[in-house]
Amino acid sequence: MSGQPHPLIDAERLGYGAIAAAVADPIQRTGFGRAWAIALLCTLPFVVLTLGAIGAVLTVGIGLSGVNTTVVWGFSIANYVWWIGIGNAGTLISSMLLLTRQRWRASINRFAEAMTLFAAAIAGLFPIIHLGRPLYAYWLAPYPNTMDLWPQWRSALVWDFWAILSYLLFSALFWFTGLLPDLATMRDRAQTRAGRVIYGALALGWRNSARHWRAYETYHLTMAALAVPLVCSVHSIVGLDFAASLMPGWQESIFPPYFVVGAMFSGFAMVVVLAILIRWGLNLQAVITPAHFDAMAKVMLFASVVMAFSYATEWFTAWYGGEHADRTVIGTFFTGDYAPLYGALLFCNCLAPQALWWRRVRRNLWWLAGISVLINVGMWLERILIVWNTLSHGHAITLWRTYHTSLYDLAILVGPLGLFAFLFLVLARLLPIVSMHEVRQLARDEGVAQP
């Protein structure tokens with residue numbers, strides 16, 4: 001097999017009927033078993049931790065975190081940027097690969113889109129937490145009121161509000177309409193009346209007719225074409241939260257594309273981790289093959305090179321521009337209080353992914369999982385250091401202060417990770433986590449005969 005492309009589906013193990021059985025039976029017949037129940041129970045403390053942290057900031061305030069009069073942004077904003085980056089990648093993966101006719105997307109696009117919904121919803125919590133007066137978060141929306149007040153459109157908070165809202169609505173539509181053929185399959189395979197009624201209502205009368213398929217494909221391609229510029233605009237707006245300011249190290253035109261590539265980088269890394277877990281947990285080795293991991297690893301390698309180039313561009317711009325404040329910010333990355341974290345960032349984002357040049361590493365799931373986790377750690381470090389380092393070393397030297405992390409900061413960092421896992425486990429128990437109709441189409445293209 002050396003030197004030959006690995007198939008995208010195990011044609012010897014799966015036919016059309018076997019594909020539906022592999023995805024649907026754990027939900028409707030055999031169940032997920034003890035491992036799923038244990039995993040769900042393990043995530044519950046993190047859900048409670050997240051709710052407790054949100055409740056604490058609603059009652060006490062953001063003084064619980066490590067923010068101070070100089071570093072007025074902290075974990076909340078860094079977490080927001082990190083989660084919205086992961087969320088952007090899901091729809092970008094699905095839509096971009098659909099438009100470019102990458103057949104290997106069939107096995108991963110469904111849970112990548114679900115990842116988008118959960119990550120974007122979690123990301124939307126953090127700006128509200130950071131407001132200081134979160135009970136008035138609705139002021140960000142333009143609505144008729146007695147005082148004729150309107151949002152401050154020059155505020156990054158308003159930009160983020162519209163970016164998250166539009167992206168959540170679009171992603172929910174894109175994900176749900178992609179589910180329709182599979183919901184109809186679940187309806188037809190349901191063993192109980194309740195299952196037939198629930199899945200039938202969600203399938204919206206899908207009959208698998210040529211008319212339905214023509215409308216579905218036209219709609220899906222149109223939505224995919226709209227998704228790519230939307231995703232780029234959403235994370236560009238997140239980049240402009242920084243670049244539109246006058247702080248040293250932030251006012252850079254490279255930030256919007258740099259943030260978009262970073263979102264794709266961390267998002268693909270998260271999809272790899274999810275794909276490994278789903279492949280193992282649902283026994284989908286015949287559907288999610290080494291070829292999928294090889295393709296995703298190549299994308300991560302490309303993104304790593306772009307990220308390394310972006311870091312080098314930041315360093316060069318600060319040196320070439322000659323601004324003392326900009327040079328100071330870059331210098332403190334290497335010599336200041338956050339230097340160990342910056343070194344870890346460069347290792348995780350630039351050095352560790354270079355192992356993906358080797359095919360053996362790209363197809364070894366243990367190595368790939370480790371590198372993907374390192375990438376996500378590195379991308380979070382990048383987000384937090386963008387906030388900390390610049391705000392700690394602004395133009396006024398007398399205002400330089402170091403950020404000190406609190407237990408609350410750790411709670412809002414760790415808790416949402418468990419909440420994300422909890423939501424994914426619940427989704428996997430209720431709806432098909434892999435697109436059955438697209439994998440069946442892939443099986444046909446790969447030469448699997450219909451029984």
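The values are calculated or read from the model by the stated rules, or taken from the named source; none is laboratory data. Just so it is clear, the model here is predicted, and its values are computed rather than measured. All Cβ positions, even for glycine, are placed from backbone atoms using ideal geometry, and neighbour counts span all protein chains on display. Surface accessibility is based on the protein's heavy atoms, side chains included, excluding ligands, DNA and RNA. Shrake-Rupley method; radii C 1.70, N 1.55, O 1.52, S 1.80 Å.
When the surface is traced with a 1.4 Å probe over the full set of protein chains, His395 keeps roughly 120 Å² accessible.
Let a ≥ b ≥ c be the square roots of the eigenvalues of the Cα gyration tensor of the range 355-451; is it rounded (a/c under 1.5), or, if not, prolate (a/b larger than b/c) or oblate? It is prolate, given that a/c is not under 1.5 and a/b is the larger ratio. If you take all other residues with their beta carbon under 13 Å from the beta carbon of Leu157, and give Lys and Arg +1 and Asp and Glu -1, the sum is 0. Measuring gaps between exposed loop sites in the chain (trypsin sites (Lys or Arg not before Pro); DSSP loop; at most 11 other Cβ atoms within 10 Å), the longest gap, sites not included, is 208-451. Only helices enter this figure: runs of n ≥ 4 DSSP H residues, each worth -39500 (n - 2.57), summed and divided by the residues of the chain, yield -24000 deg cm²/dmol at 222 nm to the nearest 500. Take the chain with all the other protein chains still there, run a 1.4 Å probe, and you get 46 Å² of accessible area per residue. Does the range 169-239 come out rounded, prolate or oblate by the C-alpha gyration tensor, with a ≥ b ≥ c the root eigenvalues, rounded set by a/c under 1.5 and, if not, prolate when a/b is larger than b/c and oblate if not? Here the range 169-239 falls in the oblate category. Could you compute the FRET efficiency for Phe347 and Thr59, with r as their C-beta to C-beta distance and R0 at 25 Å, rounded to 0.05? Using R0 = 25 Å, I get an efficiency of 0.05.
Multiplying the residue separation of Arg359 and Tyr216 by 0.36 nm and removing their Cα-Cα distance gives an extension gain of 47.8 nm. Against the chain, whose longest principal axis is taken from its Cα atoms, helix 193-203 shows a tilt of about 60°.
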